[in-house]
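The values are calculated or read from the model by the stated rules, or taken from the named source; none is laboratory data. Only a predicted model underlies this, so the values are computations on that prediction, with no experimental measurement involved. FYI the Cβ positions are ideal-geometry reconstructions off the backbone, even for glycines, and counts take in every protein chain you see. When the accessible area is computed, the model is the full protein with side chains, heavy atoms only, and any ligands, DNA or RNA have been set aside. Shrake-Rupley method; radii C 1.70, N 1.55, O 1.52, S 1.80 Å.
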Amino acid sequence: MEELSWSEHYKLSWKDFTGQPNKDTDAVAVTASGITFSYSINKYKRTQKVQGFKTLVKAFFYPEHSWCKSDQVDIHVLGHEQLHFDITELHARLFRQRIANVKLHEDLAQTLQDMHVKIEADLMAMQNAYDTESEYSIDVQGQEKWQDSITKRLKSVSQFKSKG
C-alpha cells in the first residue's frame, strides 16, 4: 500500500502502520502524513496572459513510513496518531480555502508555490505544538482539548474537505 487519502469515512488502524519501528526512541508510534500539491496554469496563446488555473491538494498518510511498537500501543495512542492525520487534512482544507481566494495575475505560479511553502510550515508548527501540548498523548486532558479544537476547525472549513 503506497498511501492513504484522508477520508471522513475511514479511521486509521494499527494495520496501516507498516513501517519498521525505531527502537532508538521512546516514541511508541509515528504517523507520516503530508500534503501533496500540483497545479496547472492556462494562458492565452498569443499574449501569454493568465486566463485560469487548476490545483490539486491532497492529504495523505504514508503506511510504509508510519510505524508503531505494537506491544506498547493502545486505542488512546491510535487516537493521537489519527489526530496527526486530521491536522494534515485541516491544513489541506485551509490551503484549498486560500487558493479559492486567489485572483488571476501574471506571477500566479510563484504565488501558489509561496502559499504551499507557508501551509507546510504552518502544518509542521501545529503538529509540533500538538505533540508538545498533549505530551505525545500522555496528557489525556491536553489530548482531548486538541481533539475538540481540531474537530471544530475541520467543521468550519468542511466545504473544502478532501473528496474520496
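Here's the yes/no breakdown for (1) in contact with a Lys or Arg (Cβ under 6 Å, 6 or more places away or on another chain); (2) at pLDDT 95 or above; (3) closer than 18 Å to ALA59 by Cα; (4) not β-branched (Val, Ile, Thr):
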position: ILE119; (1), (2), (3), (4): no, yes, yes, no
position: GLN127; (1), (2), (3), (4): no, yes, yes, yes
position: SER134; (1), (2), (3), (4): no, yes, no, yes
position: ILE150; (1), (2), (3), (4): no, yes, yes, no
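Within the range 69-85, the residues that satisfy the criterion of being among the polar types (S, T, N, Q) and farther than 12 Å from ALA32 by Cα are SER70, GLN72. Of the residues contained in the range 80-87, none is found to be of a type in the set (Val, Ile, Thr) and either at positive phi or open to solvent by 10 Å² or more (accessible area, probe 1.4 Å) (or both). In the range 7-36, the qualifying residues are those that are touching a helix residue (DSSP H, G or I) at 6+ places or on another chain (Cβ under 7 Å) and open to solvent by 40 Å² or more (accessible area, probe 1.4 Å), and the one that is nearest to TYR136 (Cα to Cα) is TRP14. Which members of the range 27-49 meet the condition of being in contact with a His (Cβ under 7 Å, 6 or more places away or on another chain) and assigned to a strand (DSSP E or B)? Correct list: SER33, ILE35, PHE37. When ALA109, ALA100 are checked against the criterion of being open to solvent by less than 60 Å² (accessible area, probe 1.4 Å) and touching a residue at least 12 places away in the same chain (Cβ under 8 Å), a single residue qualifies: ALA109. Among the small types (Gly, Ala, Ser) and open to solvent by 50 Å² or more (accessible area, probe 1.4 Å), is that true of SER40? Here the answer is yes, as SER40 does meet what is asked.
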